[in-house]
Number of protein chains: 4
Amino acid sequence: MDDDSLYTRWEQRTEIPLFLASLLFLATYAARVLAVSMPPGWRSLCWFTLLVLWLLFATDYLVRWILSGLRFPRFARTHFLHTVVVVLPLLRPLRIVPLYDAIQHRQGAPRLSLHARVIAYASLSTLLLGFAGALAVFQQERGAPDTTMRTFGDAVWWAAATISTVGYGDITPVTAGGRAIAMGMMAGGLALLGAVTGSFSSWLLQIFSRESDRRPPEG
Amino acid sequence: MDDDSLYTRWEQRTEIPLFLASLLFLATYAARVLAVSMPPGWRSLCWFTLLVLWLLFATDYLVRWILSGLRFPRFARTHFLHTVVVVLPLLRPLRIVPLYDAIQHRQGAPRLSLHARVIAYASLSTLLLGFAGALAVFQQERGAPDTTMRTFGDAVWWAAATISTVGYGDITPVTAGGRAIAMGMMAGGLALLGAVTGSFSSWLLQIFSRESDRRPPEG
Amino acid sequence: MDDDSLYTRWEQRTEIPLFLASLLFLATYAARVLAVSMPPGWRSLCWFTLLVLWLLFATDYLVRWILSGLRFPRFARTHFLHTVVVVLPLLRPLRIVPLYDAIQHRQGAPRLSLHARVIAYASLSTLLLGFAGALAVFQQERGAPDTTMRTFGDAVWWAAATISTVGYGDITPVTAGGRAIAMGMMAGGLALLGAVTGSFSSWLLQIFSRESDRRPPEG
Amino acid sequence: MDDDSLYTRWEQRTEIPLFLASLLFLATYAARVLAVSMPPGWRSLCWFTLLVLWLLFATDYLVRWILSGLRFPRFARTHFLHTVVVVLPLLRPLRIVPLYDAIQHRQGAPRLSLHARVIAYASLSTLLLGFAGALAVFQQERGAPDTTMRTFGDAVWWAAATISTVGYGDITPVTAGGRAIAMGMMAGGLALLGAVTGSFSSWLLQIFSRESDRRPPEG
C-alpha cells in the first residue's frame, strides 16, 4: 500500500468529522463575538473550544503533509486551499464544496454543469467570506469609541456593501485591525465575485447559443 | 398527444395574457407604493388585485409542473426562472424577452445576434430589477425616522448607484427590510451587469476583428 | 454608379470637416459651461453655433439615411453609433477612431493589434464620455442651492469616481437633470470599462503565453 | 556581434543592480514622505539620492534605446513598460516579475502555469501601485487644511478602497495633485484588477473542468 492510498484513506475517514468540527468552530466563534453578556466561564470555554478545534485542524494538516511525502513549500502550494484554511480556520467550512462533490460522485448522482459548479462554489465562498469577515470586523470594531458599526446587522450590511464593491461608506471600520481584515475581504471578494460574474456570463451565452439552434427559450 | 405538446400548447395559450397580468402586477404595486394619499378602499383593492394576480401566477406554475411530468426539485431547477418569478412576482415582466423572441421566431423575422440578445436580455433585466428594487426599498424606507430616501426619485437614484456598484452613499437604506432587499439587488445586479459587460466586450472584439478583414469601420 | 458608392463617396468627402465640426461643438459647449461671466452677446453666439453645428450633423445623418436606401428602424440599428451621436452630439468626437483607422488604412500603415485597438477605442470613449458628462452635469448642478460640486475640477473628479465605479460620494449630483445624466454615464462607463478590462486581460494572457514559448519577458 | 546580443548582454548585466536601485528609490521616497521631522540635511540627501537614481534609470533607458536600434516612437511603444517606469520610477520594482522569471528560466526551474503567472504579476503590480499611490497621495494631502487623510495608515486604507473600487468615501483626497494621482490609480487599478479577476475566473474553470475527468477535487 503506497503513500497515495494512505493519503486518500485519511481524507475519506476524516473529511466528514473535520467538516462538522469546522462548523462548530464557526458557531463557537460567532457565539463568542455575538453573545456580549456571556459569563466569564463560558467565555473561557469558547476560547478553549476554538483552540482545541484549531489544533485538530493543524494536526490534520500535518498528517496530510507527512502522508503526501512532499517537501513543505511544494505541499503548501499544491494544497493551497488546505494551507489557507489552517491559517484562517473561519473559512474552513468552504470544504463543503469538495465534500459534497465527492459524496455525489460516490453515489453516482449526476453532477452539475461546469459553469453551475463554479458559480455555486464561488457564491458559497463569497457568502462564507462575508459572514466570517463581518464577525471578525465586528469583534475589532465593537470597542472602538468613534465606530459607526453598532450592531451585528450593521456589520453584515457593511460586509455586503464591501464584497460587492458598492461601498456606500455609511458604515466603515475605523480600527487598524478592522481595516486589515476589510482589505483581505476586498481582495478575496473581488476574486470570487469575478469568478461568479465571469461564469454567469459564459453560462448565459451558452444557454442563448444553445437556444438559437432549438426552439425559442424556455423561461 | 403527449405531455410535451400539452405543455407547449399551455405555454402558447397563456404566455400573452400572463405577460399582461405581470405588467398589471408591477403597475398595481407601483401605484400602491407611490400613491401615498390613496383612500383606504383603493388601498384594499390594490392588495386584493396583487393577491389575485399572484394566485394566477402560482396556478400557472402548478399547471406547468403537472404538465411537465417532472418531480419537484428537478422541475424547480430546470425551470429556474419560472420558480424565481413565482417567488418574486415583481420580476415577472422579465418574461417579455422569451415572449418577444418566440413571436419573432413564429413570424420568421431575423433574430438579433447572440451577443446582442444577451446584452438586450441582461440590460432589460437590470432595468427591471432596479425599478422593482427601488419600489420595494422605498416602501420599506418611507416610514423610517432617520431615512435619507425621501422621494421615489431618491430611491431610483440610489438603485442606479447600487446596481452599477458605484455606491455613493449619499442615500442608503437604514431599515433591516430595505437592507435585505438591497443585498438581493447587489447580488442580482452584479451577475447581470457582469453578463452585460462581458458580452459587450466580446461583441466589440468581434466587430473589430471582422473589420480587420474588410474596409475601415462603419460607424 | 450605385447607392453604395455614393454613400462611400459622401463619407470620404465629409468625414474630416465633420470631425472638425464636432471638436468645435465640444469646445463651444465647454466654453459656454465654463466661462461663467460671459457677456450675453457671446452667450447667444455660443447657443447659435451649437444649433448650427447640430443642424449640420442632422443633415449629414439624413443624407446618409437617404443614400443608404434603408428603411428607418433598420438604418438606425445598423448605423447605431451614428444615431447615438446625432442625439448626443457631445460624443461625436468619438468618430476620431474610425477616422484615424481609415486614414491609416489608406496610407497602408501597419495597424495596431486587435486588443490594442479595442483598448484604445474604449479608453478614448471613456475619456470623452467622462469629459462630456462632467461638463453636462456641472451645467445642471452649478445653480443648485445645496450642491457639493462647486468647481469644474470637482465635476471632473466626480466623473472619474463615477465612471470607474469607485463612487466616493464626497461629491454627488443633487438635481434631477444631473442625476439623469449621471445614470447615463454609469451605464456607458460600465460597458466601456468592461471592454477595456476584458481586452487588457486577454491581451496580458496573450503576451504571457507568447513569452512561454520564447525567451523570458521583455519588460 | 550584432546589436541584439549587445542589448541582451546589457540587460543581463544591469538588471539586478537596477532592480536593487529601484528598491532603494522606493525606500528613499517612503522615508522622505513618512519621516516628517527629518532634519533639513537628511531631507536634501533624500532628494539628491532620488535624483541620482532617476538619472541612472534614464541612462539605462537611453542605452537600451540606442542598442535596440529603433526609432523613438516605435521603441517607446514596443518597450512600453520601460517607458512607463522611466516616467513613474516609483513603479520600477515591477521589473521584479520579468527578473524572477528570467532567473528561474536560467536555473531551469519549472515555471508557474500561465494563469498563475498572470495572477501573480497583476497582484504584485496592484500592491505596488497601491503602496506607491498611497505614498504619493499622502505627500500631496498632508499639508491640506481640510484633509481627512491624517496618517499614512489612512492613506493605505484609502488606496485599498480606491483600487478595489469599493470607494467608501470616508477618506478622500481634496487637493488637485492628490486627485490627479488618484485618477491614475483608478485607471491602473481597474486594468490590473480586471486582469486578476479574469485570470482567476479562467483558472477556476480550468481546475473544475480538469477535475470533472478525474476524481473529486483535492482541496
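Readers should treat all values here as calculations from the given coordinates under stated rules, not as data from a laboratory. Quick caveat, the model's predicted, so the values are computed rather than measured. Note that each Cβ is placed from the backbone with ideal geometry, even for glycine, and that neighbours are counted across all protein chains shown.
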Hey, quick one: spin label on A:Q12, modelled 7 Å out along Cα-Cβ, who in segment A:56-80 has an amide N within reach, i.e. under 18 Å?
-> A:64, A:67-68
Which residue of chain B is nearest the rotation axis onto chain C, counting by its Cβ, and what is the distance in whole Å?
-> B:G169, 3
Among B:Y168, C:A191, D:T175, which residue has its Cα positioned farthest towards the positive end of the charge dipole of the protein assembly as shown, with +1 placed on the Cβ of Lys and Arg, -1 on the Cβ of Asp and Glu, and the dipole taken about the Cα centre?
-> C:A191
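With +1 on the Cβ of every Lys and Arg and -1 on the Cβ of every Asp and Glu, and nothing else charged, how large is the dipole of chain B about its Cα centre, in debye rounded to the nearest 20?
That gives chain B a dipole magnitude of about 240 debye.
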Mean Kyte hydropathy of 0.5 or more with a Cα span along the axis of at least 27 Å, helices from DSSP in chain C = C:40-68, C:114-141, C:176-213
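Which shape class, rounded, prolate or oblate, goes with chain B when its Cα gyration tensor gives a ≥ b ≥ c as root eigenvalues, a/c under 1.5 marks rounded, and past that a/b bigger than b/c marks prolate?
The shape class here is oblate.
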Cβ-derived FRET efficiency at R0 22 Å, C:Y100 paired with C:L55, nearest 0.05 = 0.25
Pseudo-spin-label distance C:R74 to A:T78, built 7 Å along Cα→Cβ, given in nm, is 6.2
Quick one: label points 7 angstrom along Cα→Cβ at B:L23, distances to the other copies in nm, smallest first?
-> 4.8, 4.8, 6.8
Output ordering of D:31-38, D:166-173 (per-residue mean of other Cβ within 10 Å, highest first) is D:166-173, D:31-38
What are the label-to-label distances in nm, one decimal and shortest first, from C:I66 to the same spot in the other copies, with labels 7 Å along Cα to Cβ?
-> 6.4, 6.4, 9.0
Hey, for A:F48 with labels 7 Å out along Cα-Cβ, what do the inter-copy distances come to in nm, ordered shortest first?
-> 6.5, 6.5, 9.2
Once the dipole of the protein assembly as shown is set up with Lys and Arg at +1 and Asp and Glu at -1 on Cβ about the Cα centre, which of A:A122, C:L91, D:F208 lies farthest towards its positive end?
-> D:F208
Between segment C:1-49 and segment D:21-52, what's the alpha-carbon centroid distance in Å?
-> 51
Based on the alpha-carbon gyration tensor of the protein assembly as shown and its eigenvalue square roots a ≥ b ≥ c, which shape applies: rounded if a/c is under 1.5, prolate if not and a/b is larger than b/c, or oblate?
-> rounded
About the Cα centre of segment B:1-92, what is the dipole size in debye to 20, counting +1 per Lys and Arg Cβ and -1 per Asp and Glu Cβ, all else neutral?
-> 300
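With contacts defined as alpha carbon pairs under 8 Å and 6 or more residues apart, what's the relative contact order of chain B in percent?
18
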Summarise the partner chain shielding of B:169-181 as one whole number: the mean count of Cβ atoms from other chains within 10 Å of each residue's Cβ.
-> 5
